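Written below as structure tokens is the structure these notes are about.
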Amino acid sequence: MRHRYIFIVGGVMSGVGKGTSSAALGLTLKARGFSVTAVKIDPYVNVDAGTMNPVEHGEVFVTIDGDETDQDIGNYERFLDEDITSLNYMTTGRVYQSVIERERRGDYHGKCVEVVPRVPEEVIDRLEKAAKNAKADFVLVEIGGTVGEYENILFLEAIRMMKLKNPDDVRTVLVSYLPVPPSIGEMKTKPTQHAVREVNRIGINPEFLICRSEVALDAPRREKLSRFCGVHPSHIITAPNARSIYEVPKLFDEQGFADSMLKSFRMKSRMIPDLTAWNSLVNIIETVDRPVRIGVIGKYFSTGDFVLSDAYLSVLEAIKHAAWSIHRKPVIEWLNSEAYEQDPSRLKELDDFDGVLVPGGWGSRGIEGKIAAIRYVREHNIPYFGICYGMQCAVIEYARSVLELTDAHTTEIAPKTQNPVIHLMNDQAKKLKETGIGGTLRLGSYPCDLKTGSISRTAYGSNSTDERHRHRYEFNNDYRQQLIDAGLIIAGTSPDNRLVEIIEIPNHPFFVGVQFHPEFQSRPLRPHPLFVGFLKAASIRKKK
């Protein structure tokens, strides 16, 4: 099978939207009858994203086969509506690790192992495996960072080598930023011109430009970019700021981006493109006006004076998907759990929300604030959804408040607690001692049996489900019967009944805690059923 590779690189600065651009282009190609997959290359020396600080790097997205990856893999899954595996993610550390392992095995037959060409060759080999595994007509490859950085130069060299070998099967797209300085009031193309020249210096001539800016690209700027960057005017795509990333495929389609890309490969669409369902979603996003207010309680929000929403990206998108599915406008607000520790009277602000969610997390900072907030929403009948750490905190709160085990805790925070209602999984202690922290969590997709009559069973509409995990601590079964007797519902377990996956509280509008991460499987056109149930309960509270 012949595979075509479309590389997406960034110019001027990071965060210009390479991931969204890749996903949107992939969606429009898929709508034309082609099989599409996407790959993310991270320039970090980390072997995976699992050990990266979420404030610095953003969310860690977990694949079905248990890889801890960059958040852009989640974007690809949401846009393409397909599961993506570990073959589609690589880092500098992962690539170098493979090259070193090959050298140790003697695979290079005594030759000196040079960075070039061996590292780019390893990159190319991984890309070809991902293409073959997905049986993809097109492989979109996003290279993290910005051209001109030292960290990603070897990945750019891989583009050059692939282009040299198979020029008809490789295209490069540069996503660049065009600023409009307020003091000048004019869109400036010079930074993008410099970015293109930097790519040229490496030996790559981008065939397409995606021009990110606050406003749309005008004709004079398009002409200037074409002249000085050597890119055909029809291959210059304008990408002004959109109200939602889900508008981007429509924006690209209106400019004929996918058709121009196919034409550059001497290919034609296999079918009349149909984006009806997607465009209907965009219409809902643009027109829905009935708000539902959700408070997200966490701690991975700030970096200096700025708020970083990427730490909980999939959670936020899952809330949006569910809200749009019931024709509600999601209004999501950040709530810092540490503030409730410093001033418990602030808990009253939770009355103003239609629903409260506590996402996953780690460490002691802010945990008592989360527990206090959970008690407040439980006692005041505010819909609650706890994910991973949010489920564990709910168990701790219930044990303290209802069972009156005042020192109930997780051994992650209080190793010597007399009532470890949350404790280390049996296999984790050994892994931590022998292997370390990288890649040793319970990761990937696992089955879960659902209790008949539970909120979760009703939401899923089935007896079982499969969900993705990323955790090291779990519900302590020594306390299971006590908690059940006190009213806690064990609504989901592993098929062998050994692991508690879902807890619920009866006689409450919606109080559900899950050990897994349902946000990883929510899609714009197929929102996750638990998020839908949560948003429905929040909407009912809104009406009341």
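The values are calculated or read from the model by the stated rules, or taken from the named source; none is laboratory data. Bear in mind that the values here come from a model prediction, so they are computed numbers and not experimental data. So basically every Cβ, Gly included, is an ideal-geometry build from the backbone, and we count neighbours across all protein chains shown.
The set of residues in region 360-380 that are touching a strand residue (DSSP E or B) at 6+ places or on another chain (Cβ under 7 Å) and more than 21 Å from residue 411 (Cβ to Cβ) comprises 373, 377, 378. Filtering region 501-526 to residues that are within 17 Å of residue 541 (Cβ to Cβ), in a loop (DSSP other than H, G, I, E, B) and either acidic (Asp, Glu) or in contact (Cβ under 8 Å) with a residue 40 or more places away in the chain (or both) leaves 505, 508, 509, 510. Taken over region 326-345, the residue count meeting the criterion of being touching a strand residue (DSSP E or B) at 6+ places or on another chain (Cβ under 9 Å) and not aromatic (Phe, Trp, Tyr) is 10. Scanning region 200-221 for residues that are outside any loop (DSSP other than H, G, I, E, B) and farther than 23 Å from residue 76 by Cβ gives 200, 201, 202, 213, 219, 220, 221.
Looking for something more than 18 Å from residue 246 (Cα to Cα), crowded, with 16+ Cβ neighbours inside 10 Å and free of Cβ contacts under 8 Å to residues at least 60 places away in the same chain - is there at least one such residue anywhere in region 349-366?
The answer is yes, given that some residue of region 349-366 is more than 18 Å from residue 246 (Cα to Cα), crowded, with 16+ Cβ neighbours inside 10 Å and free of Cβ contacts under 8 Å to residues at least 60 places away in the same chain.
If you go through region 81-119 and keep only what is touching a residue at least 24 places away in the same chain (Cβ under 8 Å) and either over 30 Å from residue 520 (Cβ atoms) or of a type in the set (D, E, K, R) (or both), you end up with 81, 82, 94, 115, 116, 117, 119.
Report yes if some residue within region 6-26 is of a type in the set (Ser, Thr, Tyr), touching a Lys or Arg at 6+ places or on another chain (Cβ under 9 Å) and not assigned by TED's automatic domain parsing to the domain that holds residue 124; otherwise report no. For region 6-26, residues of a type in the set (Ser, Thr, Tyr), touching a Lys or Arg at 6+ places or on another chain (Cβ under 9 Å) and not assigned by TED's automatic domain parsing to the domain that holds residue 124: absent. Hey, any hits in region 172-180 for a residue that's under 30 Å from residue 1 (Cβ atoms), assigned by TED's automatic domain parsing to the domain that holds residue 23, in contact with a Phe, Trp or Tyr (Cβ under 6 Å, 6 or more places away or on another chain) and not in a helix (DSSP H, G or I)? Looking for residues that are under 30 Å from residue 1 (Cβ atoms), assigned by TED's automatic domain parsing to the domain that holds residue 23, in contact with a Phe, Trp or Tyr (Cβ under 6 Å, 6 or more places away or on another chain) and not in a helix (DSSP H, G or I), one finds at least one in region 172-180, hence yes.
Of 39, 47, 12, which residue is in contact (Cβ under 8 Å) with a residue 24 or more places away in the chain, in contact with a helix residue (DSSP H, G or I) (Cβ under 8 Å, 6 or more places away or on another chain), β-branched (Val, Ile, Thr) and farther than 21 Å from residue 176 by Cα?
47
Candidates 487, 513, 461: the one that is crowded, with 21+ Cβ neighbours inside 10 Å and at pLDDT 95 or above is 513. Within region 381-420, can you find the residues that are among the hydrophobic types (A, V, I, L, M, F, W, C) and out of contact with any strand residue (DSSP E or B) (no Cβ under 7 Å at 6 or more places or on another chain)? Passing the criteria: 402, 403, 405, 413, 414.
Looking only at residues in region 417-428 that are in a loop (DSSP other than H, G, I, E, B) and modelled with pLDDT under 95, the one that is surrounded by the most Cβ atoms within 10 Å (Cβ to Cβ) is 425.
Could we say that residue 432 is assigned by TED's automatic domain parsing to the domain that holds residue 371, within 28 Å of residue 372 (Cα to Cα) and modelled with pLDDT under 95 here? Spelling it out, it is not the case that residue 432 is assigned by TED's automatic domain parsing to the domain that holds residue 371, within 28 Å of residue 372 (Cα to Cα) and modelled with pLDDT under 95. Taken together, the residues in region 122-168 that are free of Cβ contacts under 8 Å to residues at least 12 places away in the same chain and either touching a strand residue (DSSP E or B) at 6+ places or on another chain (Cβ under 6 Å) or in a loop (DSSP other than H, G, I, E, B) (or both) amount to 2.
With respect to residue 331, determine if the residue is surrounded by fewer than 18 Cβ atoms within 10 Å (Cβ to Cβ) and outside any helix (DSSP H, G or I).
Working: surrounded by fewer than 18 Cβ atoms within 10 Å (Cβ to Cβ): yes; outside any helix (DSSP H, G or I): yes.
Criteria met by residue 331.
Only one of the numbered conditions (1) surrounded by fewer than 23 Cβ atoms within 10 Å (Cβ to Cβ); (2) more than 20 Å from residue 25 (Cα to Cα) is violated by residue 195, and that is (1). Restricted to region 505-537, and to residues there that are touching a strand residue (DSSP E or B) at 6+ places or on another chain (Cβ under 8 Å) and among the small types (Gly, Ala, Ser), the residue that is nearest to residue 445 (Cα to Cα) is 513. Out of everything in region 103-121 that is of a type in the set (Lys, Arg) and not in a loop (DSSP other than H, G, I, E, B), what residue ends up being surrounded by the most Cβ atoms within 10 Å (Cβ to Cβ)? Among residues in region 103-121 that are of a type in the set (Lys, Arg) and not in a loop (DSSP other than H, G, I, E, B), the one surrounded by the most Cβ atoms within 10 Å (Cβ to Cβ) is 118.
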